[in-house]
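Report on the following structure.
The values are calculated or read from the model by the stated rules, or taken from the named source; none is laboratory data. On a predicted model such as this, the values are computed, not experimentally measured, just so you know. FYI the Cβ positions are ideal-geometry reconstructions off the backbone, even for glycines, and counts take in every protein chain you see. The area values use the complete protein model at the heavy-atom level, side chains included, leaving out ligands, DNA and RNA. Shrake-Rupley method; radii C 1.70, N 1.55, O 1.52, S 1.80 Å.
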Amino acid sequence: MKIEFLKQKRNGNELMKIVISGFYGLGNTGDEAILDAMIDNLRSSLDDPDLTVFSLSPDETATKHSVTSIYRGWRHDFKKKVRALREADLLLSGGGGLLQDTYPTRIIFGPLPYYLLIVLLAKLCGTKVMFFSQGVGPVTSTYGKLLMKLFGNLPDFITVRDDYSKNYLQELGVTRPETVVTSDIVFAYRGQEDRSCIESLPIEENQSIVGISVRPWFGETSYQKEMAVLVDRLIKERGVTPVFIPMEGEHDAAVSRQIQALMEHGEQTFVLGSDFTPNQYLQFMKECSAVIGMRLHSLIFATLASVPYAGISYDKKVESLAKRTGMWEYSTTLDDFTAEDLYPNVLQLLDDRERLVATLDVERQLLRDAALENLALMKKHFV
């Protein structure tokens, strides 16, 4: 017996109604850039779509994007979420790495249960679902794998941002919806010139800036000592100006300050303010000679700015991007990261910058085309 709430179908003359579900309204620059790119490209691809976003900060999201926004948590506004899904033509779940159980997962709490139950709720409401530009994994718990097998097959269509995610879905038993590899929707981000970040720092125009993105990682601190040694050496031997870029607000800013405190020359480094917009951080990347980054979207921003980078991969998604852009030979995993090993890689980024910029220019356009394919496939299947 098919279970669904009574749902009136859209008249052909009505605006397409889309609900967007993701990690929004929590101050993560990467996820806010995803939402920026999704909304911007949906509006340029469709005729004035009616957009609703599930967000932890609905008032802020609504004001910023001129959309309807509903509190995303289960404890509040449940009826509003049901109503929005019943009235919607499509739920877009994504983009970003939503389908993972790295963080504590219990019954309905944790990223994986939340996003899959939103999908289930949409299907019960008779609404079509698309996993949009998703990153998948890791899913290691028995419960997480069961959830994926039960609910991961519910969407009507799936796009993922890399081959690793597609293969991971197959390993988890998600086989029924067609799955197409595209790229992260942020590669379709259309930024605007903004010098707020660089003008917030006492930096002269002729200084060589190295952008650094670090993040907390389950109490791991050994990499902070290695990063302190690496950055000190770059200051002493190459005279660079290191600038820490907090991609997730105070979480990243606090780690950045901890590394500064471990350094011999920490006073010669800067930490950008944690309240800049995704576009402002992206525009700052263009001021950098090179980037050393843990956060995936710091490296996506570097690619968008055609800035060579050394990634420090704490997750397969970072490694996948670095390989796709030709930057993996300059990168490393978090487990293998040492200042001694990464230092010559960063020097190569700086010394061979002109050639690497040309390489990234090509890769950036290919990734942009792949990101726009998310929209083309959505229109093909649902409009």
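Output the residue which, of all residues in region 149-165 that are open to solvent by 20 Å² or more (accessible area, probe 1.4 Å) and part of a helix (DSSP H, G or I), is farthest from residue 139 (Cα to Cα).
163
Could you go through region 200-221 and let me know if any residue there is in a helix (DSSP H, G or I) and open to solvent by less than 60 Å² (accessible area, probe 1.4 Å).
The answer is no; no qualifying residue exists.
Yes or no, residue by residue, for (1) more than 22 Å from residue 341 (Cβ to Cβ); (2) modelled with pLDDT of 95 or more; (3) surrounded by 19 or more Cβ atoms within 10 Å (Cβ to Cβ):
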{"position": "264", "(1), (2), (3)": "no, yes, no"}
{"position": "271", "(1), (2), (3)": "yes, yes, yes"}
{"position": "278", "(1), (2), (3)": "yes, yes, yes"}
{"position": "283", "(1), (2), (3)": "yes, yes, yes"}
{"position": "291", "(1), (2), (3)": "no, yes, yes"}
{"position": "297", "(1), (2), (3)": "yes, yes, yes"}
{"position": "301", "(1), (2), (3)": "yes, yes, yes"}
{"position": "305", "(1), (2), (3)": "yes, yes, yes"}
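Give all pairs with beta carbons closer than 9 Å in which a residue from region 113-132 that is in contact (Cβ under 8 Å) with a residue 60 or more places away in the chain and part of a helix (DSSP H, G or I) meets a residue that is open to solvent by less than 20 Å² (accessible area, probe 1.4 Å) and basic (Lys, Arg); count only pairs at least 6 apart in sequence or on separate chains.
Every condition considered, the pairs that remain are 118/81.
Would you mention how many residues in region 315-350 are surrounded by 13 or more Cβ atoms within 10 Å (Cβ to Cβ) and over 28 Å from residue 133 (Cα atoms)?
11
Report, ordered by the first and then the second residue, all pairs with beta carbons closer than 7 Å, sequence separation of six or more or different chains, a first member in region 193-217 that is at negative phi, and a second member that is modelled with pLDDT of 95 or more and among the basic types (Lys, Arg).
Cβ pairs passing all conditions: 213/295; 215/295.
Please list, ordered by residue number, the helices (runs of 4 or more DSSP H) wholly in region 299-383 having 3 or more residues that are within 18 Å of residue 191 (Cβ to Cβ) and touching a strand residue (DSSP E or B) at 6+ places or on another chain (Cβ under 6 Å).
In region 299-383, no matching helices (runs of 4 or more DSSP H) lie anywhere.
Could you please tell me which pairs satisfy a Cβ distance under 7 Å, a separation of 6+ or placement on different chains, a first residue in region 35-53 that is modelled with pLDDT of 95 or more, and a second residue that is in a helix (DSSP H, G or I) and among the small types (Gly, Ala, Ser)?
37/188; 41/188; 52/84
In region 52-73, which residues are open to solvent by 30 Å² or more (accessible area, probe 1.4 Å), within 13 Å of residue 39 (Cα to Cα) and in a strand (DSSP E or B)?
68
Exactly one condition in (1) in contact with a helix residue (DSSP H, G or I) (Cβ under 6 Å, 6 or more places away or on another chain); (2) open to solvent by 10 Å² or more (accessible area, probe 1.4 Å); (3) farther than 24 Å from residue 37 by Cα is not met by residue 310; state its number.
Condition not satisfied by residue 310: (2).
Residue 175 - would you say it is of a type in the set (S, T, N, Q), more than 22 Å from residue 318 (Cβ to Cβ), open to solvent by 40 Å² or more (accessible area, probe 1.4 Å) and free of Cβ contacts under 8 Å to residues at least 40 places away in the same chain?
For residue 175, the condition - of a type in the set (S, T, N, Q), more than 22 Å from residue 318 (Cβ to Cβ), open to solvent by 40 Å² or more (accessible area, probe 1.4 Å) and free of Cβ contacts under 8 Å to residues at least 40 places away in the same chain - is met.
Looking at (1) surrounded by 15 or more Cβ atoms within 10 Å (Cβ to Cβ); (2) touching a strand residue (DSSP E or B) at 6+ places or on another chain (Cβ under 8 Å), find the lone condition where residue 194 falls short.
Unmet for residue 194, out of (1) surrounded by 15 or more Cβ atoms within 10 Å (Cβ to Cβ); (2) touching a strand residue (DSSP E or B) at 6+ places or on another chain (Cβ under 8 Å): (2).
Could you check region 74-85 and list, in sequence order, the residues that are open to solvent by 20 Å² or more (accessible area, probe 1.4 Å) and either in a helix (DSSP H, G or I) or among the small types (Gly, Ala, Ser) (or both)?
78, 79, 80, 82, 83
Considering only residues that are hydrophobic (A, V, I, L, M, F, W, C) and crowded, with 21+ Cβ neighbours inside 10 Å, look in region 250-262 and name the one that is nearest to residue 364 (Cα to Cα).
255
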